[in-house]
Amino acid sequence: MYTGWLRKFKVDRLLEPQERYEALPRNCSERSNEHHCVIRLNSTYMDVVDRRYRLRGMVATTVGTLVCTMMALFGIWLLAMWVPNARPDGQIDGWLVAIILTLFIGQFPVMWRYTFGRDFFTYKYYPIRFNRRTRMVHAYTDAGPSGVISVPWDHAYFHLGHGEGETFLRDIRCHVMDGEMVRKTFAVGHYFDDPATIREIWEFIRRYMDEGPEQVFDVPASAQLHLSVADTWKNCYLTVIISLGERLLPYRAVLMPLLVPLAACRWLVLKSSKAPQWPAYVVAESSVDVADPHQLPEPAYVGQFHEFTASDGCARLER
């Protein structure tokens, strides 16, 4: 689930046999569906979120925040109840001080390094831009504008990626190659547990780059975007509700005590983060015609142009 985010992609290595076998085809004829991964689309470029977006402020960060809060409250309780009556002579035992300092201070550097620091005060989302005019792919990274990965579309190596901890999860993985060596890696779009879903997202991207925006939708009448990256409470709440899936959705009222902390933590994470800013060279090559007939409106909230249900592809968030 956290591959490429809490668990970094392995680079500076040879291409693995499975990655060769599962290379995504450049002449596909399967169904096309963006499965709520695309946030901008026009005749010049298309922006797609990366696989970590659905996880921002969700289970790992929420649980970590609750645990740290409970430990801190326990430390305050120790200060209030134990310390004044620690010993008759008014002295405080060293072991008690060590416990309190650990509860107050020791937990935060650890949690910041492994979870909080990769979620709070970062970027609201990490887009991948597919530019049809320049035939370039640009991927935003933790390093910001100076760390954008740029690779020609025809030289990028796309394959079906597998989760490391949860091996049943699949995503679109892109390698920047140096001969036979993998130098950089990034994921494109959401992860799912169904390879067919991933291939439909890939077909949507392939059609856009090779055939044009007018060819990406199997049903022209469905030419709408559904994912919003606005950092609003409504979006955070909808994301959490959608993550329940079909089986748990009818019980959302009962589960609300668990869902509200998730939505609140996601909202705090996104509010603490800044919007990505593309470097000047990416902006310069991304101009959009004023009368572009293929520029789709961006929804103000998730599913604005579509009645979201748990049966949608995005309902498999947070497996």
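Values quoted throughout were computed directly from the atomic coordinates according to the rules given, and no laboratory measurement underlies them. Computed from a predicted model, the values in this text were never measured in an experiment. Quick reminder, even Gly has a Cβ in these numbers, built from the backbone with ideal geometry, and neighbours come from all protein chains shown.
For segment 200-260, state what percent of all Cα-Cα pairs lands in each successive 10 Å bin, counting from 0 Å until the bin that includes the largest distance.
18, 31, 28, 19, 4
Can you list residues from other chains, or at least 5 along the same chain, whose modelled amide H is less than 5 Å from the amide H of ILE172?
Correct list: GLY161, VAL188.
Tilt of helix 256-272 relative to the longest C-alpha principal axis of the chain, in degrees (0 to 90, nearest 10)?
Around 70 degrees separate the two axes.
What list of ³J(HN,Hα) couplings, whole Hz, do you get for segment 2-9 from phi and the Karplus terms 6.51, -1.76, 1.60, once you set θ to phi - 60° and write x for glycine and proline?
Result, ordered by residue: 9, 4, x, 10, 6, 10, 5, 5 Hz.
Is any residue of segment 104-137 close enough, with backbone N under 14 Å, to a label point placed 7 angstrom from the Cα of SER272 along the Cα-Cβ axis, and if so, which?
Within reach of a label on SER272, which here means backbone N under 14 Å from a point 7 Å along Cα→Cβ, segment 104-137 contributes 108-124.
Once amide H atoms are built 1.01 Å from N in the peptide plane, which residues 5 or more positions from GLU164, or in another chain, come under 5 Å H to H?
Here THR3 satisfy the definition.
Please report Rg over Rh for the chain, where both radii come from the alpha carbon positions and Rh follows the Kirkwood definition.
Details: Rg = 22.6 Å, Rh = 21.5 Å.
We get a ratio of 1.05 for the chain.
If N is the number of residues in segment 180-294, what value comes out of its Cα radius of gyration divided by 2.2 N^0.38 Å?
Values: Rg = 18.5 Å, N = 115, 2.2 N^0.38 = 13.4 Å.
Relative to the rule-of-thumb radius for its length, segment 180-294 sits at 1.39.
So which lysines can LYS271 reach, going by Cα to Cα under 19 Å and dropping same-chain residues fewer than 8 places off?
LYS124, LYS234
Restricting to the chain, compute how many DSSP beta bridges are antiparallel as a %, nearest 5. Show your work: numbers first, answer last.
On the way: 32 of 34 bridges.
Percent antiparallel among DSSP bridges in the chain is about 95.
Using only Cα atoms, tell me the angle between helix 195-211 and the longest principal axis of the chain; keep it within 0 to 90° and round to the nearest 10.
50
Please list 206-218, 4-16 highest first by mean number of surrounding beta-carbon atoms within 10 Å per residue. It would help to have the intermediate numbers written out before the result.
Working: 206-218: 17.5, 4-16: 13.6.
Listed from highest to lowest mean packing, they are 206-218, 4-16.
Please report, in whole Å, how far the alpha carbons of segment 12-82 spread along each principal axis, starting with the longest.
Ordered largest first, segment 12-82 gives principal extents of 70, 36, 23 Å.
Where does helix 233-242 land angle-wise versus the long Cα axis of the chain, in degrees 0 to 90, nearest 10?
Rounded to the nearest ten degrees, it is 80.
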